[in-house]
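Contents: one structure, followed by commentary.
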Amino acid sequence: MKIAFVGKGGSGKTTLSSLFIRCLAAAGAPVIAFDADINQHLGTALGLDEAEAAALPAMGDRLPLIKDHLRGSNPRIASAETMIKTTPPGDGSRLLRVRESNPVYDACARTLELDGGAVRLMVTGPFSDADLGVACYHSKTGAVELCLNHLVDGRDEYVVVDMTAGSDSFASGMFTRFDITFLVAEPTRRGVSVYRQYKEYARDFGVELKVVGNKVQGQDDLDFLRAEVGDDLLVTVGHSDWVRAMEKGRPPRFDLLEEPNRHALDQLRTVADSAYERRDTERYTRQMVHFHLKNAQSWGNERTGVDLAAQVDPDFVLGGSATAPV
């Protein structure tokens, strides 16, 4: 299943997503983790040192390879150069699967051993001065969106994305690519402001949204979050000595994480698992096409010089009976 972690900068979004990834890895679940944030911190949150994290292969730098692989023999896509971040798969496209080996994973993923399990980590790459102007950062996060559009996952497989902070993900259709979205919110007015923005978009597109209260220190904090987000509040997480040690580069064994926080992570997994049962593959594909046509009309057709609406395969459903072979 596909799971997103969102929230304002400093909310603890990356920390919570890394803890959830560790929880899955400790249980032996197959996991692909994407760092799609403008500030690349997921690698260090998962135990890499700064040099190791900086050496991770950037998806944004390997976009031609990604496009060429995913295009496959799809006759509706004339060339990899005419693919944009929202290009949907169709008959003949190559799809990605969580457990397989393929050229995209070989080039862009690194396997991390965590708590008795392993995860594949993929990163967009850091933002730099070179990304200002024409080559904006969204072209890098677009590599993640393109992969999500072509990724087929099962009920016991997990794709976890640490999204860019705030409401930046609304600039594309990537926020609709998930079975469930966990919004990390602090018990402050600023902490719940992103929730209100996300809730409005989520309602319009049927996105399932749950709030994870972070840095909750007492009943007053809990009451505040309940008053602001209502039934969308799923769990809360408080102070963690384990996290403090992790942030110093000395993480204890994961089974030493405080019991209340471990229980909160187990609840996240239970809710994510139940969301998979409600997956609507036809709606998922329909939304994918909606945002592709929107991007094609607003900038894609002009940039590529072709009518990108012709890339849409009307008979294709990702994860449905029409799903293309590898």
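The values are calculated or read from the model by the stated rules, or taken from the named source; none is laboratory data. Computed from a predicted model, the values in this text were never measured in an experiment. Every residue, glycine as well, gets a Cβ built from its backbone with ideal geometry; the counts of neighbours run over all protein chains shown. Please note that ligands, DNA and RNA were not included when accessible areas were found on the heavy atoms of the full protein model with its side chains. Shrake-Rupley method; radii C 1.70, N 1.55, O 1.52, S 1.80 Å.
Things worth noting here:
- Between Asp131, Asp115, the distinction of being of a type outside the set (Val, Ile, Thr), at pLDDT below 95, under 22 Å from Arg303 (Cα atoms) and buried (at least 17 other Cβ atoms within 10 Å of the Cβ) belongs to Asp131 only.
- Search result, residues across the stretch 268-300 that are outside any helix (DSSP H, G or I) and either in contact with a strand residue (DSSP E or B) (Cβ under 8 Å, 6 or more places away or on another chain) or closer than 16 Å to Ala26 by Cα (or both): none
- Residues being among the small types (Gly, Ala, Ser), modelled with pLDDT of 95 or more and outside any strand (DSSP E or B) - total across the stretch 29-40: 1
- Residue in the stretch 67-83 that is within 19 Å of the chain's Cα centre (by Cα) and among the β-branched types (Val, Ile, Thr) present: no
- When Ser79, Ser11, Ser73, Ser17 are checked against the criterion of being out of contact with any helix residue (DSSP H, G or I) (no Cβ under 9 Å at 6 or more places or on another chain) and hydroxyl-bearing (Ser, Thr, Tyr), a single residue qualifies: Ser73.
- With respect to the stated conditions, Gly90 fails to be on the phi > 0 side of the Ramachandran plot, in contact with an Asp or Glu (Cβ under 9 Å, 6 or more places away or on another chain) and either modelled with pLDDT of 90 or more or in a loop (DSSP other than H, G, I, E, B) (or both).
- Selection of the stretch 37-57 for residues being out of contact with any helix residue (DSSP H, G or I) (no Cβ under 6 Å at 6 or more places or on another chain) and either open to solvent by less than 10 Å² (accessible area, probe 1.4 Å) or not aliphatic (A, V, I, L, M) (or both) yields Asp37, Asn39, Gln40, Gly47, Asp49, Glu50, Glu52.
- Considering the stretch 154-267, the qualifying strands (runs of 3 or more DSSP E), each wholly inside and each with 1 or more residues that are within 30 Å of Ala296 (Cβ to Cβ), open to solvent by less than 30 Å² (accessible area, probe 1.4 Å) and among the polar types (S, T, N, Q), run over 180-185.
- Scanning the stretch 194-220 for residues that are in contact (Cβ under 8 Å) with a residue 60 or more places away in the chain and closer than 16 Å to Leu233 by Cβ, we see that the one that is farthest from the chain's Cα centre (by Cα) is Lys215.
- The stretch 60-86, residues that are at pLDDT below 95 and over 19 Å from Arg303 (Cβ atoms): Asp61, Arg62
- Among the candidates Leu308, Leu265, Leu293, the residue that is touching a helix residue (DSSP H, G or I) at 6+ places or on another chain (Cβ under 7 Å) and either closer than 29 Å to Gly117 by Cβ or hydroxyl-bearing (Ser, Thr, Tyr) (or both) is uniquely Leu265.
- For Thr15, the test of being surrounded by 21 or more Cβ atoms within 10 Å (Cβ to Cβ), touching a residue at least 40 places away in the same chain (Cβ under 8 Å), under 18 Å from Val152 (Cβ atoms) and hydroxyl-bearing (Ser, Thr, Tyr) is failed.
- Candidates Leu56, Leu70 - the one that is assigned to a loop (DSSP other than H, G, I, E, B) and among the aliphatic types (A, V, I, L, M): Leu56
- Consider the stretch 134-163 and keep the residues that are modelled with pLDDT under 85 and among the hydroxyl-bearing types (Ser, Thr, Tyr). The one that is nearest to the chain's Cα centre (by Cα) is Thr141.
- Of all residues in the stretch 225-246, those that are closer than 17 Å to Pro187 by Cβ have Cβ atoms under 6 Å from Cβ atoms of residues that are of a type in the set (Val, Ile, Thr) and in a helix (DSSP H, G or I), 6 or more apart or on another chain, in Glu228/Val192.
- One residue from Gly166, Gly249, Gly191, Gly238 being modelled with pLDDT under 95 and under 30 Å from Val152 (Cα atoms): Gly166
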